[in-house]
1. With unit charges on the beta carbons (Lys and Arg positive, Asp and Glu negative) and the dipole taken about the Cα centre of region B:128-244, which residue among B:147, B:132, B:232 sits farthest to the positive side?
2. Can you check what the net charge comes to around residue B:292, using other residues whose Cβ is under 9 Å from the Cβ of residue B:292 (Lys, Arg +1; Asp, Glu -1)?
3. Please compute the average number of Cβ atoms from other chains found within 10 Å of each residue's Cβ in peptide A:39-45.
4. Within the set of other residues whose C-beta is less than 10 Å from the C-beta of residue B:144, count the net charge using Lys and Arg as +1 and Asp and Glu as -1.
5. Quick check on packing: order A:411-417, B:279-285 by the mean number of other C-beta atoms within 10 Å, highest mean leading.
6. Hey, rough spin-label estimate for residue B:331 and residue B:190, points 7 angstrom out along Cα→Cβ, what's it come to in nanometres?
7. How far apart, in nm, are the 7 Å Cα→Cβ label points at residue A:155 and residue A:388?
8. Counting partner chain Cβ atoms within 10 Å of every residue's Cβ in A:473-485, what's the average?
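We did not get these values from a lab; they are worked out from the coordinates using the rules stated. Just so it is clear, the model here is predicted, and its values are computed rather than measured. Glycine also receives a Cβ, built like all others from the backbone with ideal geometry; neighbour counts cover every protein chain displayed.
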Amino acid sequence: MPIRELRAEVINQIAAGEVVERPASVVKELVENSLDAGAHRIVVRIEAGGVSRIEVLDDGGGMSPDELPLALRRHATSKLWTLGDLDDLPSYGFRGEALPAIAAVSRLRIASRATGSDVGYLYDAGSFRPVPTAMAAGTRVTVEDLFGSVPARRKFLLAPESEARKVAAALERLALAAPKVSFLLEIEGREVLRTGGTGNLVEAFADIFGRELAETLQPVKLRWPAGSVEGLTSRPGRDRGNRQLQFWSVGGRPVSAGSLRFAAEAAYQGRLLKGRFPLYCLRIEVPIGDVDVNVHPAKLEVRFRRERDVAALVRAAVADAIGASDPPAPYKTAGGAGQASADAAPAALFLGEGTLEYSGGWAPREVAAATAADPPALQPAARGAAPRPIGQAHGLFLVAQDHDALYLFDQHAAHERIGYERLGEASERSAQLLLAPVVLRLGPEQAAALVASLDSLAEYGFQVEPFGARDALVRSVPRIFGQAADAKVLLEILDAVGGVGEHPVERLERVRREIAACRASVKANDRLSVMEQAALIEQLWRCEEPRFCPHGRPTFLRLTAEEIKARLGRR
Amino acid sequence: MLIFESPAQLLADALQLASRAVAQRDQVPSLTGVLLRASEGELELTATDGELAIRTVVRAEVSSQGTVLVPARTFSDLLRLVPAQAEVEFRGLEGQVGIRFLRSRFDLPTLRSEEFPPLDFTPEGDPLLVRGDGLKDLVRKTIYAVSARDDGRLFTIGMQLGVRDGHLTAAATDNHRLAWARTPVEGAAEEKDILVPARPFAEIVRILPDDEVEVFLNASRLIVRTSAMTMYITAIRAQFPDTRRVVFDEYATTVRFEVGPLLQAVERTQLVTDQRNARLRVHVEEEALRVSANSSEGGQGSEEVAAQSTGQPVDLVFGPKYLIDALRSLHGERAVLEVMHAESPALFRPDAEPRDQFGIVMPLRQAES
């Protein structure tokens, strides 16, 4: 068969395969165009899961009649003039691929009235020229019979309800990335999502996922000279069983952030059980030149030029937010009466998902207040008196009360936390010299990392010498809690050099400390005298982090008198 | 079909002996059993966990010869509770055994004897003759230096046994300390070494009689034979470090002291070390050893023990546990500490000739000043 150049329609259909996978990707592309056009309000309507009809309407800048046919040509774009522009591109789209790609697999019409013009024009893809039409300023794109010309693709679509759900999910991400824009989504004529476009992320989150959830989030804010991390993250103890509610945006663009996820989760160290995940919505701003969005046509993945630095900042920002977070109120703030109603909020109960869910109302509180001012730092000394013990239950729990709540303490978990904090960080590290040096074979990257980190290794107790190109000669190993560490920990350290996770030696120290704390703690069925109970609760109350045991399990439940009354029907 | 009769006590003792080789875990069901084989006038009991194997023989009135694999735990527990003098009759049938004594009768299920591995207890070459109490002494002096867990370098859980200069030597190290000892042996023709897993070795040494036993250092295993039983341990295929590299002919500092007072001083002083990072300082002076420790939580302590030193004064830092282990293992009242410098191997040995024992402890690195 002779070689030929592909015809334009075929090229467009192939491109469509990358960009336009399903109705949700069409919506995403169209909405991003609207955002680039400076829209304040975007309305999306879909029918039959978006297959029979998608309409995206905005109040953005609009296009002139001359621009309309051009918009449907491949690689025609208003956003990029030269390749150099790619490096500092503030807009969502730039390839000029989306519209022609969509037009290649559907019946597409654009109506647009440019700002300052009195009349709009309607252009039907494939028609000769735009015709005048009456409309408000902005642009309306209508996509009908999606994949009508590509039956193969249509076969892979899900049921209309499922496609609609994906559209809604895409729009949620966009709405969280652009809280200044008001979004409205109508599915089969029914309004399913509406955001106010106030520019307040908490409001946007509340509009989408409900006020209750929004109120459990802590503001995150960290700025450095060249950028910032801002957003919301869940309080410790308010975690979830999956990662679905983790949102990232970069430069106002919703993205999936790969490794940054681990950085954010690392901030919850010791406050999160295995298999539980924080929920958050984080927005990263870095100089445009430091981000590469051109990794994938759908632009979901981004790369950072200094990914590890960004990750470290994300971790610091989240840790800071939850460290200073308004804790679920075993704490009495020094603030006094004004704070009392917030303290009494049932947020105080450690009710994870899938366990008991409190159904009562939430104490009314201005959402804005949560973000406006950071809550006062709650030092152990600023907490009020510890609850008084009432007794021991089931050989496992201590029951206690203070003036407005009832508490159930897990005696083992509580004691573990006390022991863990008492053991403290290793004051100084010591190094066990080895009888015979251990030779470890290194990979090329490990060998490079070794040379770069000899000094810091010595600090941790590793006396190491490079031995030939590929081996390390270990002469001493860290001694942790009186026990020498395995020389092989060195390999883990070298793999982790420059990473964002916990330093392997520190992790060993933490684990040994956890074990030591656990061994020394009271167990189930250890009977405690009233004096011992009171002392245990008092000591826990003075801990830096009384709410969780070192493994991240909660140490106590708090049940407010208000809530008990409500549940017993005594109002 | 197997039928025999035997006094309960005799059978219980033999079972208990063999049971020491039974597998602790039950991944391989046949290894949780003891194989009984009845032949003319005697009963042979065999058990193995794949690494260690024990075979012992007791006399019995055998009326029908045969083989059966019985679950070790139930059998030895049951027999231990049978009155000692009672005569036990044993009938092994397909899939079960009947046990009768006095007016009692038990039927217990058996394991599949055809799954029990074939074992060969035949040694190669001439035996070494060594006293059982000598072996026990070897183990006592060296077992502390064996690593508690397997870190992948197999020699740290092993004990190196060797024949040299008319002695059987034993050495163990976890690479932080090393222990070495020797005991006289007869019949040693050539020098050789074998590395065996230390804990199973200690286990079989424990059940040996005090008098003379036969030991064979074969290429792939160690065999120990007494009149009543034969045991073997499969060797570890790993290279044990060359102990000569950490022992020197001449030392910069040599200190002579009494073990008891120094051990007590160390045991007392370690009470005030920081439990997270216990460090104990041993300062060698001309007429004394000064042991000291201090920590913010434990307080401080300092003791002086009389000693006679020659050479350089030196300041050593140890993990107290290692020091205590080494001192406790030393035989005799007087001992010698020898060291090149503050961060070199510290050698402890009894102050006696010939030198039948030493322990080496690696100091901790001195804090950078």
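1. B:147
2. +1
3. Average neighbour count from other chains, rounded to a whole number: 0.
4. +3
5. Ranking the peptides A:411-417, B:279-285 by packing returns A:411-417, B:279-285.
6. The two pseudo-label positions are separated by 2.8 nm.
7. 7.6 nm
8. Counting other chains' Cβ atoms within 10 Å and averaging over A:473-485 gives 4.
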